[in-house]
Amino acid sequence: MTSNRGPVGMVLIGSAELAIGGALLAAALFDLAPAARTVLFIIGIILFVTGALFLLIGLGLRGHAAAAQRLRATGVPGRAQVLAARPTGTYVNNQPQVQLELRVSTAVHGTFDVTVKVFVPLTATGRLSDGRPLAVTVDPTDRQRILVDWSGTSPPPDAALRDHLLRTGVPATARVLGASFTGQLDERGHPVYDVQLHLEVDGRAPVAGPGRFAVPPQRTATMQPGGVIPVRVDPHDSTTMAADWDRLPA
């Protein structure tokens, strides 16, 4: 299904089509010529049904937007790695709906896998395959309710998740293959870097991939190729990690 109208437009159009369709059906009950009654009845049914569909979908989208706003205000921040992405064939406002299999990590929920259907802005479709984690917000009491941030940023773990990883994560070593400053600072004022890494975790095969770290100013020299970052990785997801800067020599 495809729609280029927003929720408000769909509600207005659906309401109008319902009203017109109902009027035509009512008119078809009067003593008109059989051909005219048939035409009015067919057009009335079509408008009534399509109007009802538009109205229901528009109201559903408005409710979803309101729920997303509440979740944005009360949810738990986290990160999600895309495991798989499959288009459903549905579009709203030219945005494709995609079924995502995600591996989500938050300080409250730990790490878990979940499948969700979301509408993805066309400008963000590349985020589904670039390997970088997505910023998400998770309902504190229902981890099936997830809001994805498509703003284009992929922040390092927030303070709560970072502390959780440093307490419970598996020690590992990340070797810098390349790094670039994102232009962002974390909540402590530390510069944030996008890093290509070679990651070694005891008992696991080495892997290469992207990471994002907030780097203390005195540690920025580590962001050169060959630099070594001691990290703690999630026991269930090696792509979720926090730099353990205290393990570096002073």
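None of the figures in this text is laboratory data; all of them are computed from the coordinates on show. Remember, predicted model here, so these are calculated numbers, not experimental data. Because the Cβ atoms are built from the backbone with ideal geometry, glycine has one as well, and the counts that use them run over all protein chains shown.
Which angle from 0 to 90°, rounded to the nearest 10, does the C-alpha axis of helix 7-27 make with the longest principal axis of the chain? Long axis of 7-27 versus the principal axis of the chain: about 20 degrees.
Placing +1 on each Lys and Arg Cβ and -1 on each Asp and Glu Cβ, with no other charges, gives the chain a dipole about its Cα centre of roughly 100 debye. By the count of other C-beta atoms within 10 Å, a proxy for reagent exposure, Tyr91, Tyr193 are ordered fewest to most as Tyr91, Tyr193.
When each of Phe41, Phe54, Phe213 is scored by the number of other beta-carbon atoms lying within 10 Å, the sequence from fewest to most is Phe41, Phe54, Phe213. The angle between the Cα long axis of helix 34-74 and the longest principal axis of the Cα atoms of the chain comes to about 20 degrees, rounded to the nearest 10.
Taking the charge dipole of the stretch 17-143 about its Cα centre, with +1 at Lys and Arg Cβ atoms and -1 at Asp and Glu Cβ atoms, the residue from Ala28, Leu122, Tyr91 reaching farthest to the positive side is Leu122.
Each of Thr74 and Lys117 was given a label point 7 Å from its Cα along the Cα-to-Cβ line. The distance between the two points is 2.5 nm.
Taking Cα atoms, how many degrees apart are the long axis of helix 159-168 and the longest axis of the chain, rounded to 10 and kept between 0 and 90? Taking Cα atoms only, the helix is inclined about 60 degrees.
Its Cα centre serving as origin, the stretch 159-247 has a Cβ charge dipole (Lys and Arg +1, Asp and Glu -1) of approximately 120 debye.
Rounded to the nearest 5, what is the percent of antiparallel bridges among the DSSP beta bridges in the chain? In the chain, approximately 95 percent of DSSP beta bridges are antiparallel ones. Here Ile146, Ile42 are placed in order of increasing Cβ neighbour count within 10 Å, fewest first, which gives Ile42, Ile146.
Which shape class applies to the stretch 159-247: rounded if a/c is under 1.5, otherwise prolate when a/b exceeds b/c and oblate if not, where a ≥ b ≥ c are the square roots of the Cα gyration tensor eigenvalues? Oblate, because a/c is 1.5 or more while a/b does not exceed b/c.
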